[in-house]
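Novice: Have a look at the structure that comes next, please.
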Amino acid sequence: MDPTVPTAELAALLGRGTHFEGKLHFEGRVRIDGSFKGEIRSDDTLVIGDGADIDADVIVNTIIIRGGKVRGQLRARSCIELYVPAEVSGSLHAPEIFMDKGVQFSGTCTMAPLEE
């Protein structure tokens, strides 16, 4: 577990070895370390951890990708943060985007406010 994301703050955790397909709508901070395919919506923070395998259309306030493989359309009202060893492909759209040196990214990147 990543020490920079305390478990006390997590509203939910999809741990390693879990597989979920469908729509996820949540409040609070949610961390995914397992496999997810579908749609994610929230006004809060999504944390994607090492070992995650995500294929999703995401619209949340903040996306923090700390590892794993992520594919899809990622949109955040506040910011998107990508850290090594993340592998991301698809489209990023947020007012602020941070990408750590060494992150594998392929796709499009738009730094502008979301139009809802």
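Novice: Tell me the residue from Val84, Val88 that is free of Cβ contacts under 8 Å to residues at least 40 places away in the same chain, closer than 24 Å to Thr18 by Cα and not in a loop (DSSP other than H, G, I, E, B), please.
Specialist: Only one candidate passes the filter, namely Val88.
Novice: I've got another one for you. Determine the pairs where a residue that is small (Gly, Ala, Ser), located within region 19-31, has a partner that is in a strand (DSSP E or B) and modelled with pLDDT of 95 or more with Cβ atoms under 6 Å apart, the partner being 6 or more residues away or on another chain.
Specialist: Within 6 Å, the pairs are Gly22/Gly38.
Novice: Still on this structure: crowded, with 22+ Cβ neighbours inside 10 Å and under 23 Å from Glu9 (Cβ atoms) - does that describe any residue in region 96-109?
Specialist: no
Novice: All but one of (1) closer than 15 Å to Val88 by Cα; (2) at pLDDT 95 or above hold for Lys23; state the number of the condition that does not hold.
Specialist: (1)
Novice: Here is a further query. For region 95-107, does any single residue satisfy the condition of being among the basic types (Lys, Arg), in contact with an Asp or Glu (Cβ under 6 Å, 6 or more places away or on another chain) and not in a strand (DSSP E or B)?
Specialist: no
Novice: Of Ile40, Ile54, which residue is closer than 17 Å to Ser106 by Cα, part of a strand (DSSP E or B) and among the β-branched types (Val, Ile, Thr)?
Specialist: Result of the check over Ile40, Ile54: Ile54.
Novice: Let me ask something else about it. Which of the residues that make up region 45-70 are acidic (Asp, Glu) and at pLDDT below 95?
Specialist: Passing the criteria: only Asp50.
The values are calculated or read from the model by the stated rules, or taken from the named source; none is laboratory data. Note that the coordinates shown come from a computational prediction; the quantities given were computed from them, not determined experimentally. Methodologically, a virtual Cβ is constructed for each residue, glycine included, from the backbone with ideal geometry; neighbour enumeration extends over all protein chains shown.
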